[in-house]
Amino acid sequence: MRRSAVRTRRRAISAIVTVVVLLVVGWLVAGQITAALRMSASPDVVPVESLRAAPAGTSSPDYPAVGSVVLPSDDPLLALAGRTYTEAVGERTGTTPRVVVGPADDPAATTVLLGAAGTGDQGYRLTSRSSGVTVEAADRTGAAAGLFQLADRMRAGEPLPPFDGTVVEPRLGLRMLDSGAIGVTPDPQAWAAGTDYSHNNHAFADVMLPDAPYVDQAALAAATDDFTAFVDHGVAQGYNALAINGFLEYLTFSEVGDGNQVYAPGDPHRERAIALREAFGPMLQYAHDMGMKLYLKTDMLAPTTSLEDYLTRTLGSVDAEDPRLWSVYQAGLDELLAEMPYVDGVMLRIGEAGSVYDLPGWDYYSRLAVTTPDAVRQMLTAFTDTAAQHDREIIFRTWSVGVGDVGDMHTNADSYQRVLGGIDAPNLIVSTKYTLGDFYSHLPLNSTLESGSQRRIVEFQGRREFEDYGALPNDLTSLHQDALRTFLAANPNVEGVWQWTQDGGPWRAGPMTLYLKTGFWQLYDLQAYAMGRLAWDPDADAAQITSDWARQTFSDDPATVEAIAQAMALSRDAVTKGLYIGPYADQKVAALGLEPPPMMWIFEWDIVSGDSATLGTIYHTSKDQLDRALSEADDAVSLASQMRTTVESTDAAAWRDPAL
């Protein structure tokens, strides 16, 4: 018995020693792995969001009768603004005024007068005239804005502004949209699997044919209708610019050598470029006629097989630091701007490229090749020099996503300066996402937007790709306002915004929701409507903007509008707690020199991660706040339930569209 007890004690001691040794070894190994991974975590400076619902409204005020709307000409922009205004008057008063071109003897008319002094390039002022009102502006742009904003106030059921001659001007001169879902065909089969993570939107895929005549005229007519509706909607919301894919497709490189060097006689790229210019020209001209600046958007490098063969044959390689390469693209840009005078510039992106963005079977593709500061500087100098000869602009996106020596230019002010410092061409605009990373929540505002000597615009995303593709109520108005006001206060060079209505991430992995076309696109139209308002007045009441959107979109009933506003005021808490693990998401985490995004437990975009390294990293940074992590998940479910109950309590008969 004694020997047995001794052996038992020895085995117990041995087991304890073994456990201790294993724990020590595990601790040492974990420490070594952590050191090898260079893993670190520290609290991040995340914007504090505080949403509120606007106070319950009342019935619309009594609006004055309008006998007619008198325009100085049949200009298409003024005509659209006049129609929009008369429709709003008709909705509120029951009588739709007529639109008159030229002088009219009507004391109750709303009269547009151009040539006014002191209103700025895009501003206007309202003055009383007998029992009517006068919209005075320097040119058609300001006058149209005045009519659109009067219509907006009436449709929102809000009092009209005083007609006291106060000049109303936009705070930001450039207010740009993406191209929405123009030319994208709603195809339930293409969306059915939900596993197509291609970033190519397939816009105009039905229009462009692989062989002569290269353009399907019926598809072109449908796409033109899309384009017209999108432009009309955008200018009515206060926007004045549009970025749309295209560049290489319109080039013949006729200015390179004898004109046959890149595309030899008989090469279909040449005939296709001419056919596409002729087909899309009237469409793009329409945007120009409606007061929209038009920027063609392209990755760099952007080759075709023939172009890449030519560059390799004549230069020896495709080297983005070789100025001879950029001289070829300069020739193409010069051709483009001469042949397409309605194009105001080109937008360049260098940070993402490759097959995920390419259209299968289409010999126009992208290469990730501009990866050094010298290459970026060569490219921008070449493009801005050529654009300046045509009085056009170049927009350069800082979205560099870790590629090459310019990899952290998007998030690091020192890198930004190293790449772009001293490039101060007056026709260069630098465009940057408002977040210090991609369009996630739980990220700081992008500090690189607070510096830099170049003209700057700020990018915002309405259909939040990482937050269920915009399918969830997600009111970003207050957050976007905070970002915009912060950048404007810090950097006098911030002069515009770029609002993405549809773009970003996979197009066919989520629900088939296409802006202005199909699905519940109205949810993310809130962000377009709000940014259109904020770009004019960054100090506008964010809660009131949301209520105005709800009233125009869903119901004129004050109780219904209030319920929707209350639900939207809860939306950010529901999203940021339900889709993120707060204790991890609020940390600045680094490993192997990289900074993983704040939503790692859901791998982009909707795949729940099962990767032990990922989940281990989340646990490592969250283990001291597990109670918070779990309680926030419960909070999100409760908030979502509260939002649904609030909206379901409304009277269905008070909604404009029963389907919504």
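Charge dipole of region 445-498 (Cα centre as origin; +1 on each Lys and Arg Cβ, -1 on each Asp and Glu Cβ, all else neutral): 220 debye, rounded to the nearest 20. Computed on region 222-276, with alpha-carbon pairs under 8 angstrom and 6+ residues apart, the relative contact order is 29 percent.
Close amide H partners of LYS297, meaning residues 5 or more places away or on another chain with modelled amide H under 5 Å apart, are ILE244, ASN245, GLY246, MET347. Taking every DSSP helix (H) stretch of at least 4 residues in the chain, weighting each as -39,500 (n - 2.57) and dividing the sum by the residue count yields a mean residue ellipticity at 222 nm of -13500 deg cm²/dmol.
Taking every DSSP beta bridge that has both ends in the chain, the antiparallel portion is near 30%. List the trypsin sites (Lys or Arg not before Pro) within region 432-506 that fall in a DSSP loop (any state other than H, G, I, E or B) and whose Cβ has at most 14 other Cβ atoms within 10 Å. Counting only loop positions with at most 14 other Cβ atoms within 10 Å, none of the trypsin sites (Lys or Arg not before Pro) in region 432-506 qualifies.
Averaged over residues, the count of other Cβ atoms within 10 Å places the peptides 537-546, 391-400 in the sequence 391-400, 537-546, highest first.
P(r) tail for region 208-356, what percent of Cα pairs lie past 20 Å? Show your work: numbers first, answer last.
Values: 5879 of 11026 pairs.
When all Cα pairs of region 208-356 are counted, 53 percent exceed 20 Å.
Note on region 60-167: antiparallel DSSP beta bridges, both residues inside, total approximately 40 percent of the bridges counted.
Any idea how far the Cα center of region 274-330 sits from the one of region 499-566, in Å? Using only Cα atoms, the two centres lie 34 Å from each other.
Taking all protein chains together and rolling a 1.4 Å probe, ARG270 ends up with roughly 50 Å² accessible. For the chain, taking Cα atoms only, Rg and Dmax work out to 28.3, 121 Å respectively.
Residues whose amide H falls under 5 Å from that of SER431, counting only those 5 or more places apart or on a different chain, are PHE396, ARG397, THR398, ILE457, with hydrogens built in the peptide plane. Relative contact order, whole percent, for the chain stands at 15, derived from Cα pairs under 8 Å and 6 or more residues apart.
The values are calculated or read from the model by the stated rules, or taken from the named source; none is laboratory data. These figures come from a predicted structure and were not determined experimentally. No Cβ is skipped: glycine too gets one built from the backbone with ideal geometry, and neighbour counts run over all protein chains shown. Just so you know, the surface numbers come from the protein's heavy atoms only, side chains and all, with ligands and any DNA or RNA stripped out. Shrake-Rupley method; radii C 1.70, N 1.55, O 1.52, S 1.80 Å.
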